[in-house]
Amino acid sequence: MQYIAETREFQIKEKTVVSIGKFDGLHRGHQKLMHEMLKWKEQGFKIAVFTFATPPGTLVKGKMQTMIMTNPEREMLLERAGVDYIVEYPFDEEVCHMAPEKFVSDILVGHMNAGVIVSGPDCHFGYKAAGDCAMLERLSSEYGYRYFVVDKERDEEGKIISSTYIREMLADGNIIKANKLLGYYYFVTGTVQHGNAIGHTKLYPTANLIPPAVKHLPKFGVYVTRVTVDGKTYGGLTNVGAKPTISGKNPVGVETYLYNFEGDLYGKDMKVELLDFVRPEMKFESIDALKAQLDHDIKECQRRYLEFA
C-alpha cells in the first residue's frame, strides 16, 4: 500500500476506484463501501481512498474535532481492508474554498486517476459542501469515470450506522453496542509511558498509554480489555480517565493491568481492545479504598474476559 500524506504534488498512474470521506472508525458502513470497491479491484482497478490529514471540522468550526481512530490507526485498518492508495490531503483555507467541480476534475480524476468513483448517498465535498451525489453523477460522462452509490448499512434495529452513532454509544459506556457497529473491538494504540509509579508501589503494576488529544475516548471508567504487545495477547483491566483519586493533575490516559504478565513494558507498542464496560471512574477517599475496589474489579474483569476468550 502507498501512503500519500501532506502534499498536493502527487500522481497515481494506475487506474483507480476512488472513495472520499473521513472514514472515521472504518465501521460496518465503511466496510460495506470497501466491499463494493473490492469488486472493481478484481477487474484491475487499484483501490484509492481520499481523506484529509486533519478533520475539516477542525478548521471550519475553529475547534479540534476528535476522531474514533488516529490517522495511523486508520491507515492500519485501511491497509488490512485491501486499499492500495491512501491520500491524506492537507486541509487548509485554499482547499476549504475549492469549487466542487474543480475538486472532481483536478484531484479525483487528475491526481487520483479515478476510473470509478464510489460513495455513500450523503457524500458532500467542495466549498460549503456544495458537491454531492447528483454532481458526481452529472460529471461522470464529461470526465470519463463511472459512478456508483452504496446504500447505508443499518444495525439490527434499522438505524443507520454512522460515526456519530458510535460516538453516542462510546459516550454512554455502551462499548458492546459500539463494537457491534464498528464490526471489531474499539481499540487504543500507543507506546507505553512511565506513570507516577503508584501502581507499582501501592496498587497494581500498570502499562500507561497517553492517547493524542485527537483520539475520541469512551466514557471514563473501568473496562474488560484484551491487550496485544510483542505479538502476544493478554487479558486485562483498563481504566480510561484521569485517575481522580491520585493527587495532582493527571493527564487523561488509558491505564491497563495485564493478567499473568511479568516484565517491563516501557517503550513498547501496545494495542488495547475494549470488550466490556464494568463501572464509571470514581474518586475514592483513599488509596486503600481504591485498592479494595480494584481487587473486586480484577476478579470481575477476569470473569467477564472468559466470555470473550
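The conditions of being in contact with a His (Cβ under 9 Å, 6 or more places away or on another chain) and of a type outside the set (A, V, I, L, M, F, W, C) are not met by ARG154.
When GLU142, GLU137 are screened for being outside any loop (DSSP other than H, G, I, E, B), free of Cβ contacts under 8 Å to residues at least 60 places away in the same chain, surrounded by fewer than 18 Cβ atoms within 10 Å (Cβ to Cβ) and touching a Phe, Trp or Tyr at 6+ places or on another chain (Cβ under 7 Å), only GLU137 passes.
Taking the range 123-155, which residues are of a type in the set (Asp, Glu) and more than 19 Å from ALA99 (Cα to Cα)?
Here is the first cut: in the range 123-155, the residues of a type in the set (Asp, Glu) are 132, 137, 142, 151, 153, 155.
Selection gives ASP151, GLU153, ASP155.
Total residues in the range 164-183 satisfying the condition of being under 15 Å from the mean Cα position of the chain (by Cα), closer than 19 Å to VAL240 by Cβ and in contact (Cβ under 8 Å) with a residue 60 or more places away in the chain: the figure is 7.
Among the residues in the range 84-91, are any among the acidic types (Asp, Glu), touching a strand residue (DSSP E or B) at 6+ places or on another chain (Cβ under 8 Å) and assigned to a loop (DSSP other than H, G, I, E, B)? Explain how you work it out, then say what you get.
Filtering the range 84-91 down to residues among the acidic types (Asp, Glu) leaves 84, 88.
Next cut, touching a strand residue (DSSP E or B) at 6+ places or on another chain (Cβ under 8 Å) only: 84, 88.
Checking the rest, the ones that are also assigned to a loop (DSSP other than H, G, I, E, B) come to 84.
Within the range 84-91, one or more residues are among the acidic types (Asp, Glu), touching a strand residue (DSSP E or B) at 6+ places or on another chain (Cβ under 8 Å) and assigned to a loop (DSSP other than H, G, I, E, B).
Annotation note: of LYS249, LYS243, LYS232, the sole residue that is within 15 Å of ASP297 (Cβ to Cβ) and basic (Lys, Arg) is LYS243.
Just one residue in the set ASP288, ASP230 is exposed (fewer than 13 other Cβ atoms within 10 Å of the Cβ) and over 24 Å from GLN193 (Cβ atoms); that residue is ASP288. Applying the set (1) within 25 Å of the chain's Cα centre (by Cα); (2) touching a residue at least 12 places away in the same chain (Cβ under 8 Å) to VAL104 leaves exactly one unmet item: (1). Every condition in (1) more than 29 Å from PRO211 (Cβ to Cβ); (2) at pLDDT 95 or above; (3) surrounded by 15 or more Cβ atoms within 10 Å (Cβ to Cβ) is met by LYS102 except one, and the failing one is (3). In the range 105-134, of all residues being under 22 Å from THR7 (Cα atoms) and polar (S, T, N, Q), the one that is surrounded by the most Cβ atoms within 10 Å (Cβ to Cβ) corresponds to ASN113.
The values are calculated or read from the model by the stated rules, or taken from the named source; none is laboratory data. Keep in mind the model is a prediction, meaning the values are calculated, not measured. FYI the Cβ positions are ideal-geometry reconstructions off the backbone, even for glycines, and counts take in every protein chain you see.
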